[in-house]
1. Tell me, yes or no, whether segment 184-195 has at least one residue that is open to solvent by less than 10 Å² (accessible area, probe 1.4 Å), within 16 Å of ligand 1 (Cβ to nearest atom), assigned to a helix (DSSP H, G or I) and in the same structural domain as Met56 (by TED's automatic domain parsing).
2. Report the residue count in segment 110-128 for those that are more than 15 Å from Lys215 (Cβ to Cβ) and buried (at least 23 other Cβ atoms within 10 Å of the Cβ).
3. Pairs please, first residue from segment 66-87 and in contact (Cβ under 8 Å) with a residue 40 or more places away in the chain, second anywhere and of a type in the set (Lys, Arg), Cβ atoms under 9 Å, 6+ apart in sequence or on different chains.
4. Which one of these is more than 9 Å from ligand 1 (Cβ to nearest atom), in the same structural domain as Ala54 (by TED's automatic domain parsing) and among the hydrophobic types (A, V, I, L, M, F, W, C): Val92, Val100?
5. Give the number of residues within segment 150-183 that are within 16 Å of ligand 1 (Cβ to nearest atom) and either open to solvent by 10 Å² or more (accessible area, probe 1.4 Å) or over 17 Å from the mean Cα position of the chain (by Cα) (or both).
6. Please verify whether segment 263-272 includes one or more residues that are under 30 Å from Thr27 (Cβ atoms), assigned to a helix (DSSP H, G or I), of a type in the set (S, T, N, Q) and within 19 Å of the chain's Cα centre (by Cα).
7. If you go through segment 56-71 one residue at a time, do you hit one that is out of contact with any His (no Cβ under 7 Å at 6 or more places or on another chain), open to solvent by less than 20 Å² (accessible area, probe 1.4 Å) and either within 16 Å of ligand 2 (Cβ to nearest atom) or part of a strand (DSSP E or B) (or both)?
8. Would you point out which residue out of Thr27, Thr17, Thr74, Thr64 is in contact with a Pro (Cβ under 7 Å, 6 or more places away or on another chain) and among the β-branched types (Val, Ile, Thr)?
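The values are calculated or read from the model by the stated rules, or taken from the named source; none is laboratory data. Being a predicted model, the structure only gives us computed values, none of them experimental. In this analysis, Cβ positions are derived from the backbone assuming ideal geometry, glycine residues included, and neighbour counts consider all displayed protein chains. Ligands, DNA and RNA are stripped out before the accessible areas are found, and what is left, the full protein with its side chains, is counted by its heavy atoms. Shrake-Rupley method; radii C 1.70, N 1.55, O 1.52, S 1.80 Å.
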Amino acid sequence: MKKLAILGATGSIGSSTLSVYEQNRDTMALTLLSAWRNVDAMVALCQQYQVPYAFMSCPKANRTLRACLEEQPTQVLSDEAEFLACLAGVEVDAVMAAIVGAAGLAPTLAAVDAGKQVFLANKEALVMSGALFMQAAERSGAQVLPVDSEHNAIFQCLPPQCQQTIGYCDLKANGISQLILTGSGGPFLTKPLAEFSAITPAQAIAHPNWSMGPKISVDSATMMNKGLEYIEAKRLFNTEKSDIQVLIHPQSVIHSMVQYIDGSVLAQMGMPDMRTPIAHVMQYPERIDSGVEALDFSKIAQLTFAAPDFERYPCLKLAIDACYTGQAATTTLNAANEIAVDAFLKQQIRFDQIANVVAQTLDQLATSTAPTIDDIMSVDQQARRLASSTIKQLER
Ligand code: NAD
Ligand code: MG
């Protein structure tokens with residue numbers, strides 16, 4: 001029985017993971033659930049799954065959870081240190097890293113350092129910590145498996161030698177000419193640019209194909225999500241600039257592709273449902289049931305493709321540029337974006353100002369150096385302060 005921890009259990013990926021777990025209870029045991037502050041949702045999950053350990057990052061929520069579960073078998077861990085120790089201990093074999101944003105870095109890295117099998121959904125953790133994350137995995141022997149649908153698709157299309165050397169694979173030596181990262185283009189693919197300033201949070205969150213948490217939904221609308229994924233792909237697949245191409249594919253049937261030097265292109269396809277990549281990693285290399293309905297090609301009218309337009313998606317350009325500027329740039333990009341998206345969701349800035357906030361923050365911090373995790377955390381904090389002050393100066 002694989003002992004599974006789910007970080008971000010109350011979120012969109014958390015619930016898809018629980019759904020795949022439900023289908024495969026004979027092979028996995030749920031031992032730890034974590035979330036931020038939605039106590040009602042967490043109490044319900046702990047009761048439903050009778051999970052041995054639980055933790056909420058918000059101290060007040062954690063105390064309430066403990067009071068609510070007094071009569072239950074679940075032990076509520078008392079603080080962050082106890083939570084990280086449990087994650088690194090014998091009760092956990094595999095960790096679904098599905099906290100959103102930089103908040104996921106510390107627990108995800110703790111799991112990597114402890115040599116756990118890590119199912120990586122929390123792309124922001126990798127964008128922030130970059131090479132240090134992959135070095136930590138190599139040191140500890142942690143197996144990192146990509147859950148993000150594009151990276152999972154690429155992973156599935158790679159030869160076994162590359163799958164076994166995540167972070168360090170030699171694409172050229174394996175006959176690979178390019179990774180093709182597809183993205184739907186989000187809800188505003190054809191919206192006139194003149195209307196971008198009036199986009200509301202509700203419109204931005206309504207993704208045409210995928211059902212996801214609010215932050216990644218806004219990131220998909222700006223295509224910052226594809227930019228973060230570009231950086232994520234560089235880290236996971238050890239790419240150089242000429243190795244990756246971003247391609248708009250509005251139907252989200254092909255989840256990404258790998259092109260080989262002989263002209264072959266391998267694609268992974270499926271319904272746009274995260275339970276597929278989640279099931280793929282959970283008992284990798286064995287295939288398990290995900291509960292996802294089969295793709296019906298007779299119902300797919302067409303598959304279309306286009307190059308991305310950076311005028312429509314300035315965040316994508318900022319991210320690709322940051323990828324080649326350095327670690328401080330990607331850390332800054334991620335932090336400023338988290339602050340800007342939060343401000344947009346609270347209607348403090350307009351949709352088209354998200355890119356301005358990120359660009360202005362990058363102007364000030366991109367060329368700092370960040371060789372250690374402490375430096376990265378310091379750049380992250382500086383970027384958050386700068387982005388917040390830029391937002392205060394912006395007029396709606
Ligand atoms: P979500 O908003 O639905 O859920 C986020 C989870 O993180 C919740 O359980 C929440 O309690 C927890 N969380 C939030 N802030 C926290 C904090 N400060 N401390 C501890 N926990 C905190 O988000 P989601 O859509 O499930 O996305 C989760 C991660 O997976 C993100 O990094 C996202 O980019 C990635 N991802 C999501 C999808 C998707 O389809 N939803 C696809 C690919 C990758
Ligand atoms: Mg993705």
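1. No, segment 184-195 has no match at all.
2. Number of matching residues: 7.
3. Leu87/Lys116
4. Answer to the selection: Val92.
5. Going through segment 150-183 one residue at a time, the tally reaches 2.
6. no
7. yes
8. Thr74
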